[in-house]
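A short write-up of the structure that comes next.
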Amino acid sequence: MAKKKTILDLVQMKENGEQAVWMVLYDACFASYAEEAGMDMILVGDSMGMIVYGWEGTVPVTMDMSIAHCQGVRRGAPNTYLIGDMPFGAYHASCEDAVRNAVRFMKEGGVDAIKLEGGVAVADKIEAISKAGIVVFGHIGLTPQSSAAMGGFKVQGKNTATAKAIIEDAIAVYKAGARVLLLEGVPEETASFIHKILPIPVYGIGAGADCDGQVLLAADALGMYKNFTPKFAKKYCDIASLATQGMRDYIAEVKGGAFPAPEHKYKFTGDKEEFAAFLAEYEKELDL
Ligand code: KIV
């Protein structure tokens, strides 16, 4: 069993030029697969709002939901670096709110770090959480919690003016004390510059290859979410098809009498004659 990583290992991996790989997932079962596969990190993302709860976006996700999912993931992957995702509204109103909720993730969720979305606009919150001794992962570019303000889930930084704003966000997040930066949905040219100028690990999801590592949602990479697959995601297997076929087979076998078969049944180990006599007598007394 590999030793659980720390933030220092992530920095070391960057220095060694070793790519870090993380996956977004939400439950103990998948967390155990990730740990067995050797995943460097797991993010319990607020994308659970769409994948697990069926909402159109991430905004309705609450702290209590996120923490419950972190607890499950931690039980499934006790030795994997775990990041909790601060949901919309958990850090926007004040630095006090931000610190209180980040502390909840650490104490109740068992995470190693928290992630929050936003750049210049949330730099004060990043600073406050970092000063409380908590590792902050910044997340800029396409930030799903602000999709209403962005007019949808849209790639960011595609021209000089918008790329400049993202670079400024990256610098603000770094200067505020974030130990890691995640870039989502930005062109490789923009990501590459940020990766070049920042001394902290810079990871990407839909940000090209010039980063210190990659993140994908298990729902996309393992083919579980059927509503939408982003352009940047690669499907490594097709769980949706396997699961649907498995369910079809189950329905057909139950309806056709093939399941349960003898190997799925428990054996009665008592005296069968005595039991039959007992049941016959018992049945006579029943008044149903
Ligand atoms: O919630 C999530 O899945 C995320 C990823 C897009 C990184 O924040």
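Numerical summary
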item	result
Glu168 being closer than 19 Å to Pro230 by Cβ, away from the ligand (no atom under 16 Å from the Cβ) and at pLDDT 95 or above	no
Subset of the stretch 191-226 (residues that are surrounded by fewer than 22 Cβ atoms within 10 Å (Cβ to Cβ) and more than 14 Å from the ligand (Cβ to nearest atom))	Ser192, Phe193, Lys196, Ile197, Leu198, Pro199, Ile200, Gly208, Ala209, Asp210, Gly223, Lys226
Output for the stretch 179-190, where each listed residue is within 12 Å of the ligand (Cβ to nearest atom) and open to solvent by 10 Å² or more (accessible area, probe 1.4 Å)	Glu184
Considering residues of the stretch 26-48 that are closer than 14 Å to Gly109 by Cβ and hydrophobic (A, V, I, L, M, F, W, C) only, the residue farthest from the ligand (Cβ to nearest atom)	Ala28
Residue ID - farthest from Gly206 (Cα to Cα), chosen from residues in the stretch 102-135 that are among the β-branched types (Val, Ile, Thr) and away from the ligand (no atom under 14 Å from the Cβ)	Val103
Residues that are buried (at least 16 other Cβ atoms within 10 Å of the Cβ) and either in a loop (DSSP other than H, G, I, E, B) or away from the ligand (no atom under 12 Å from the Cβ) (or both), drawn from the stretch 53-67	Gly57, Thr58, Val59, Val61, Met63, Met65, Ile67
Test: residue in the stretch 85-94 that is farther than 20 Å from Gly185 by Cα, touching a Gly at 6+ places or on another chain (Cβ under 6 Å) and not charged (D, E, K, R)	no
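The values are calculated or read from the model by the stated rules, or taken from the named source; none is laboratory data. All figures in this text were calculated on a predicted structure; none of them were measured in a lab. Note that we place each Cβ from the backbone using ideal geometry, even for glycine, and neighbour counts take in every protein chain shown. What goes into the accessible areas is simple: the full protein's heavy atoms, side chains included, and nothing from ligands, DNA or RNA. Shrake-Rupley method; radii C 1.70, N 1.55, O 1.52, S 1.80 Å.
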